[in-house]
Amino acid sequence: MTASATAPDPLAAGRPTRVALVSLGCARTLVDSEVALGSLKGHGYQIVRDVKDADVAIVNTCGFIEEAKVESVETILTLCERKKKGRLGAVVVLGCLAQRYGGELREELAEVDGIVGTDSFGALAEVLEPLRAKHARVYDVRPRPTYLLDEKTPRVALTPPHYAYVKISEGCINACSYCVIPKMKGAHRSRTVESVVSEIEGLCAERSLSEVLLIGQDTAAFGYDRSRRFELPELLRAVDRSGRVPWVRLLYAHPGHINDEMIAALAEGRSLCKYVDFPIEHSHDAMLRRMNRGVDRRTMMDNILKLRRAMPELTLRTTVIVGFPGETEEEFEDLLQCMKEVRFEKLGAFIYSPEEGARSVSLPDPIDPALKRERYEAVMELQFSISAEINAAKIGRKMRVLIDTKDKRSGRYLGRTEGDAPEVDGQVKVTSKKELRPGEFVDVTITGADEHDLRAETLS
Ligand code: SF4
């Protein structure tokens, strides 16, 4: 790679190399980005927020589904254009897309200076040293990633100061037939309870945290790789006992790994949000088998019943896939029926797309794209009506809201109830005479609602 006369020089003789990172994809990737920046900062790089101010631009990519891959490639090409115009010294592609298509990216994108998979987030500075030291092109994609951060791993926060994602495990033990994540992130590996609690205490020492979100590919399988037991109940109790954070939220819990102990721990925990992200993906047994979800309808519905009985105020979030190969009208009707029975407070839907390398690609009877779209719209229409009814029933209620920010245009504050995760769920638009600050909890009266958001006024 040769640095052009005008381009910012990644060597940046006599000053720290300025690096900007664009983080795409999910909350798990965001933590990887924080770790990557922690490594660079620890080796003398200057972290800049805007690519315009950078010598080196890194894209931490997503490679999960078609849409996400397209977004990643478009972002890479945009940065390569900047480099061609001499406005950037180097471009590095990091993460899931690099892990999945490293070889192709290396062949096809000569402008890219570094391709680094999912096993080197914590050692990114070392991996990129040949690029910084002598402009050498870097390629570091390892077949079976085993990297797992711990409580000592330096991170540069990319979330607002008042909330943080804490990754409790990496990789996945499941083998859903449509999913390539295990190929990108490797086998399931859990941290220890002590490591997670110590990380949260470390974060609290650095910043005033109002909320911690526990994440992984399948948080409910926490500890299974170590002890063949689901240790999530112990972790939830330990985090709750530490009492350092008012809100602790659990995301990505596989419905087949929820057990009575976990439900009890969640119900009794004072700081544990009565909120569970419980991705069912579908409801019909034949479909669940074809998806290799490792759980059947009866077990999921039993777990939902137990969750609702233990926590009547619970918010249940889920995701579903429509248009999976062979999806019959009867199977699709069963999904709609399940939605009507359970009345999930939050639901996201995906249209099935065949992913190269996933076993489902070879399944027969692909569904016509128009029918896929039709089913997607039917699911979203039903969920809109369910969410609108659930939200409307909150009008007049007193609720506790965590303030995230202020909407400069409307002058209202934007916050969330215990039933709203950041970035994926609805918001509460709060009118307050008193100045409110991000991270503050306020008691409000709900004054209005739509299928997604609530409106509220602070209690005088
Ligand atoms: S639980 Fe299934 S869908 Fe989720 S990451 Fe694991 S294999 Fe993929």
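Scan segment 163-184 and tell me whether some residue there is more than 18 Å from Ser33 (Cβ to Cβ), away from the ligand (no atom under 16 Å from the Cβ) and touching a residue at least 60 places away in the same chain (Cβ under 8 Å). No. Sub-8 Å Cβ pairs linking a first residue in segment 38-58 that is under 19 Å from Lys134 (Cβ atoms) to a second residue that is open to solvent by 80 Å² or more (accessible area, probe 1.4 Å), at least 6 apart or interchain, are His43/Glu126, ordered by first then second residue. Only one of the listed residues (Arg412, Arg397) is within 21 Å of Glu345 (Cα to Cα), touching a strand residue (DSSP E or B) at 6+ places or on another chain (Cβ under 8 Å) and at pLDDT 95 or above. That residue is Arg397. Just to be sure I understand, how many residues within segment 209-252 are away from the ligand (no atom under 16 Å from the Cβ), open to solvent by 50 Å² or more (accessible area, probe 1.4 Å) and under 22 Å from the mean Cα position of the chain (by Cα)? Residues in segment 209-252 being away from the ligand (no atom under 16 Å from the Cβ), open to solvent by 50 Å² or more (accessible area, probe 1.4 Å) and under 22 Å from the mean Cα position of the chain (by Cα): 1 in total.
Taking segment 243-293 as the range and being within 19 Å of Ile215 (Cα to Cα) and of a type in the set (S, T, N, Q) as the test, the residues that pass are Asn259, Ser271. Restricting segment 187-244 to residues that are assigned to a loop (DSSP other than H, G, I, E, B) and among the aliphatic types (A, V, I, L, M) leaves a set whose member that is nearest to Pro279 (Cα to Cα) is Ala187.
All of Arg289, Arg308, Arg317 fail the test of being among the basic types (Lys, Arg) and under 23 Å from the mean Cα position of the chain (by Cα), apart from Arg317. At least 1 residues being within 30 Å of Ser208 (Cα to Cα) is the threshold, and among the strands (runs of 3 or more DSSP E) wholly inside segment 111-178 those reaching it are 163-167. For Ala133, the conditions (1) at pLDDT below 95; (2) in contact with a Ser or Thr (Cβ under 8 Å, 6 or more places away or on another chain) all hold with the exception of (2). Hey, does segment 442-458 have a residue that's under 29 Å from Ile65 (Cβ atoms), in the same structural domain as Lys346 (by TED's automatic domain parsing) and among the acidic types (Asp, Glu)? No, that holds for no residue. If you go through segment 135-147 one residue at a time, do you hit one that is within 16 Å of the ligand (Cβ to nearest atom), in contact with a helix residue (DSSP H, G or I) (Cβ under 6 Å, 6 or more places away or on another chain) and among the small types (Gly, Ala, Ser)? No: zero hits.
Filtering segment 257-305 to residues that are in contact (Cβ under 8 Å) with a residue 12 or more places away in the chain, open to solvent by less than 20 Å² (accessible area, probe 1.4 Å) and part of a helix (DSSP H, G or I) leaves Met262, Ile263, Ala265, Leu266, Met287, Met300, Asn303, Ile304.
Every test in (1) crowded, with 20+ Cβ neighbours inside 10 Å; (2) assigned to a loop (DSSP other than H, G, I, E, B); (3) within 23 Å of the chain's Cα centre (by Cα) is passed by Glu327 save one, and that test is (3). Give segment 38-49 a look and list any residue that's in contact with a strand residue (DSSP E or B) (Cβ under 9 Å, 6 or more places away or on another chain) and open to solvent by 60 Å² or more (accessible area, probe 1.4 Å), or say none. Matches in segment 38-49: Lys41, Gln46, Arg49. Of all positions in segment 308-324, none carries a residue that is in a loop (DSSP other than H, G, I, E, B), within 15 Å of the ligand (Cβ to nearest atom) and within 22 Å of Ala221 (Cβ to Cβ).
The values are calculated or read from the model by the stated rules, or taken from the named source; none is laboratory data. Note that the structure is predicted; figures quoted are calculated from it, not measured. Because the Cβ atoms are built from the backbone with ideal geometry, glycine has one as well, and the counts that use them run over all protein chains shown. SASA here: full protein model, heavy atoms, side chains in, ligands and nucleic acids out. Shrake-Rupley method; radii C 1.70, N 1.55, O 1.52, S 1.80 Å.
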